[in-house]
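> This is the structure I have questions about; it appears just below.
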Amino acid sequence: FCPFGLSEDGVEMQFATNHLGHFLLTNLLLDNMKATAKSTGIEGRIVNLSSVAHLHTYPKGIEFDKLNDEKTYDDKMAYGQSKLANILHAKELSRRLKEGGANITINCVHPGLIMTNLMRHSFFLMRVLQFATYILWKSVPQGAATTCYVGLNPQLKGVTGQYFADCNVEKTSRFARNDALAKQLWEFSEKLIKFSSK
């Protein structure tokens, strides 16, 4: 969670950091991944790090028309929006990869509540709450378990477009299951990338 700010390219900071950068990197690597998966016969895997926080987002899910609006900005909902974007990105890319016959899967994981400095900008009360609930939080290795499971477990061959928590497929929000919203986000993200690269 962080105060309102814009990235160097003029995009709301949490959306730019948690979604747009990953969207761009994935797309830059995708042709090489497809070629490698095809030449080796080994399935490529993409794992997006999301969060249960995707459940707590703005009323429309993604505020396309108010993304950079400081007046309507809420740090927790903006974080949730960015984590929803991670799931929608995986959903749409999974559809596109299947449609194109690529031997690549993409899934999302919620690593759990991990002791990191995520709340460094939060009010004192939030930090006290984090300390008081310390026993519920995971260590970094515990938090990495689901990511490693989804990225490496041979039993998940061919599994794509899913959301995992604690090494199990979990149900997502209605926004995260919305195919039209996933497609709209993809097109919106492409426009932002093209605009910022000019």
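The values are calculated or read from the model by the stated rules, or taken from the named source; none is laboratory data. Predicted, not measured: the structure shown is a model, and the values here were computed from it. Every residue, glycine as well, gets a Cβ built from its backbone with ideal geometry; the counts of neighbours run over all protein chains shown.
> Could you say whether any residue in region 46-68 is within 20 Å of G161 (Cβ to Cβ), within 10 Å of the chain's Cα centre (by Cα) and in a loop (DSSP other than H, G, I, E, B)?
Yes - at least one qualifying residue is present in region 46-68.
> Let me confirm something: among M33, M77, M13, which residue is modelled with pLDDT of 95 or more and touching an Asp or Glu at 6+ places or on another chain (Cβ under 9 Å)?
Result of the check over M33, M77, M13: M77.
> Let me ask you something else. For region 7-32, enumerate the residues that are over 19 Å from the mean Cα position of the chain (by Cα) and either part of a helix (DSSP H, G or I) or within 17 Å of F64 (Cβ to Cβ) (or both).
D9, G10, D31, N32
> Next question. Which of the residues belonging to region 161-178 are part of a helix (DSSP H, G or I) and surrounded by 18 or more Cβ atoms within 10 Å (Cβ to Cβ)?
Within region 161-178, F175, A176 qualify.
> Can you name the residue in region 18-56 that is closer than 24 Å to E170 by Cβ and hydroxyl-bearing (S, T, Y) and is also surrounded by the fewest Cβ atoms within 10 Å (Cβ to Cβ) among such residues?
For region 18-56, the residue satisfying everything is T26.
> Pick out the one residue from R96, R45 that is touching a strand residue (DSSP E or B) at 6+ places or on another chain (Cβ under 9 Å) and among the basic types (K, R).
Exactly one residue qualifies, and that residue is R45.
> Among the residues that make up region 88-108, is at least one of them closer than 20 Å to M13 by Cα, small (G, A, S), in contact with a helix residue (DSSP H, G or I) (Cβ under 9 Å, 6 or more places away or on another chain) and modelled with pLDDT of 95 or more?
Checked region 88-108: no residue is closer than 20 Å to M13 by Cα, small (G, A, S), in contact with a helix residue (DSSP H, G or I) (Cβ under 9 Å, 6 or more places away or on another chain) and modelled with pLDDT of 95 or more.
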